Every structure is written in C-alpha cells, then in structure tokens.
Amino acid sequence: MAKAIGIVELVSIARGIYTADQMIKASEVEIVTAGSSCPGKYIAIVHGDVAAVKESIEIGERVAEEYYVDSMIIPNVSPELFPAISGVTMPERIQAVGIMESFSIATMILAADAILKAANVQAIELRLGNGIGGKAFFTFTGSVAAVEASIEAGKEIAEEKGLLVNAEIIPSPSDRLIQCLL
C-alpha cells in the first residue's frame with residue numbers, strides 16, 4: 001500500500017493532462033485518479049512512497065505554470081482514503097453521519113485524511129468536484145462523539161485555508177437517507 005498521496009489541481013484541462021503525464025514520467029508514482037472536474041478544472045492524484053510523491057508534485061507544480069490552483073502531499077495517508085476516492089467503501093453499519101464540504105479538492109483530501117485519523121470513523125464517500133461546481137465533499141460514519149471529533153479536525157484544516165463551505169452532523173440518519181449515501 002502507498003504511504004503518501006499527492007494532488008495537483010489546475011484550471012486548464014489541456015495543461016492538466018500534460019502535467020499528469022510529466023508527473024508520472026518524472027517519478028515512480030501511480031495515478032489514483034486524473035481527469036477533469038467542474039468547472040473546467042483538472043486534478044491529478046498520485047500515490048507512492050513519500051520521496052517519489054514529493055518529486056512528482058514538485059514537477060506538477062512547476063509544469064502547471066499559470067494554470068496552477070492548489071496542491072498538497074500527505075506523507076502518511078490514511079489507507080481508508082483510497083477506497084473513498086474510488087467510491088468503493090461499504091461501512092458495515094451506519095451510525096451518525098458527518099458531511100464536510102470544501103471549495104477546493106486538495107483541501108478536502110487533506111481534511112478527509114485528518115477526519116479519518118482523528119477518531120474511529122469509517123469513510124462513506126469522497127466526491128471530488130464532478131457535478132458539484134468544482135467543490136468537494138466527504139461523508140463518513142461513526143458514533144456521534146467520533147463524528148463530532150472528526151468534524152472538528154477537518155474543519156480546522158479547511159478553515160485555516162479559508163475554503164470550508166459547510167460541515168454537518170446527522171446523529172441519527174433516516175434509513176431512507178442511508179440508502180442514498182451508499
């Protein structure tokens with residue numbers, strides 16, 4: 001399993017594709033996902049060992065030039081983050097639900113990692129920009145106390161960057177809502 005994850009976010013799809021190519025050619029990393037997102041942005045997310053991801057992101061930032069929006073590296077990423085990005089999570093039981101929303105994809109990934117590390121919670125989904133105006137959101141579940149602690153950890157990161165849209169906690173979600181989340 002990869003020990004680090006990195007992302008470069010751009011405002012040009014054409015430069016984004018070029019940047020992703022340069023990032024994976026420059027370093028021994030694998031693409032988690034790369035593609036366009038709303039509104040006309042492009043994201044390239046890579047994983048691998050810390051040094052390789054760092055090198056890849058530095059190349060991406062440089063190659064992106066004036067199209068650069070944001071980037072980040074998480075050196076010791078939560079292993080639950082990868083299935084959440086891919087949309088293949090299936091918690092055994094839904095308890096309280098936490099939802100956090102950010103204006104930045106990179107910021108949401110950082111916040112989601114902090115959320116997963118802050119308390120005993122399970123990822124439901126990490127949605128990255130498509131069909132939601134370039135924003136990102138993360139849904140997760142756990143006990144009410146765990147969700148509250150995790151929301152605070154995520155909010156700290158998103159507020160620090162000035163990119164928090166909103167965060168909500170649903171202590172006892174309806175079974176009909178749970179069906180929509182999975």
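Identify, please: which residue in the stretch 171-182 is of a type in the set (A, V, I, L, M) and open to solvent by 50 Å² or more (accessible area, probe 1.4 Å) and is, among those, nearest to the chain's Cα centre (by Cα)? This residue is L182.
Among residues of the stretch 21-48 that are more than 14 Å from G6 (Cβ to Cβ), those with a beta-carbon under 7 Å from a residue that is open to solvent by 40 Å² or more (accessible area, probe 1.4 Å) and in a helix (DSSP H, G or I) at least six positions away or on a different chain give the pairs S36/I13; G40/I13; Y42/I13; Y42/I17.
Looking only at the stretch 16-38, filter to residues that are open to solvent by 60 Å² or more (accessible area, probe 1.4 Å) and in a helix (DSSP H, G or I); which one of those is nearest to V50 (Cα to Cα)? If we take residues in the stretch 16-38 being open to solvent by 60 Å² or more (accessible area, probe 1.4 Å) and in a helix (DSSP H, G or I), then I24 is nearest to V50 (Cα to Cα). As for the stretch 53-62, it holds at least one residue that is surrounded by fewer than 20 Cβ atoms within 10 Å (Cβ to Cβ), modelled with pLDDT of 95 or more and touching a strand residue (DSSP E or B) at 6+ places or on another chain (Cβ under 8 Å). With a requirement of 3 or more residues that are touching a Lys or Arg at 6+ places or on another chain (Cβ under 8 Å) and within 22 Å of V53 (Cβ to Cβ), the helices (runs of 4 or more DSSP H) lying completely within the stretch 72-160 that satisfy it span 105-118. Taken over the stretch 1-15, the criterion of being in a strand (DSSP E or B) and touching a Lys or Arg at 6+ places or on another chain (Cβ under 7 Å) is satisfied by E9, L10. Residues that are within 21 Å of C38 (Cα to Cα), touching a helix residue (DSSP H, G or I) at 6+ places or on another chain (Cβ under 8 Å) and among the aromatic types (F, W, Y) were ranked within the stretch 96-142; the one that is surrounded by the most Cβ atoms within 10 Å (Cβ to Cβ) is F138.
Right, I73: farther than 24 Å from I170 by Cβ, hydrophobic (A, V, I, L, M, F, W, C), at pLDDT 90 or above and in contact with a Gly (Cβ under 6 Å, 6 or more places away or on another chain) or not? For I73, the condition - farther than 24 Å from I170 by Cβ, hydrophobic (A, V, I, L, M, F, W, C), at pLDDT 90 or above and in contact with a Gly (Cβ under 6 Å, 6 or more places away or on another chain) - is met. Across the stretch 54-78, the number of residues qualifying as farther than 17 Å from G16 by Cα and either touching a residue at least 60 places away in the same chain (Cβ under 8 Å) or β-branched (V, I, T) (or both) comes to 5.
The values are calculated or read from the model by the stated rules, or taken from the named source; none is laboratory data. Just so you know, these numbers come straight off a predicted model, no measurement behind them. Quick reminder, even Gly has a Cβ in these numbers, built from the backbone with ideal geometry, and neighbours come from all protein chains shown. We work out accessible area using only protein heavy atoms, side chains counted, and drop any ligands, DNA or RNA first. Shrake-Rupley method; radii C 1.70, N 1.55, O 1.52, S 1.80 Å.
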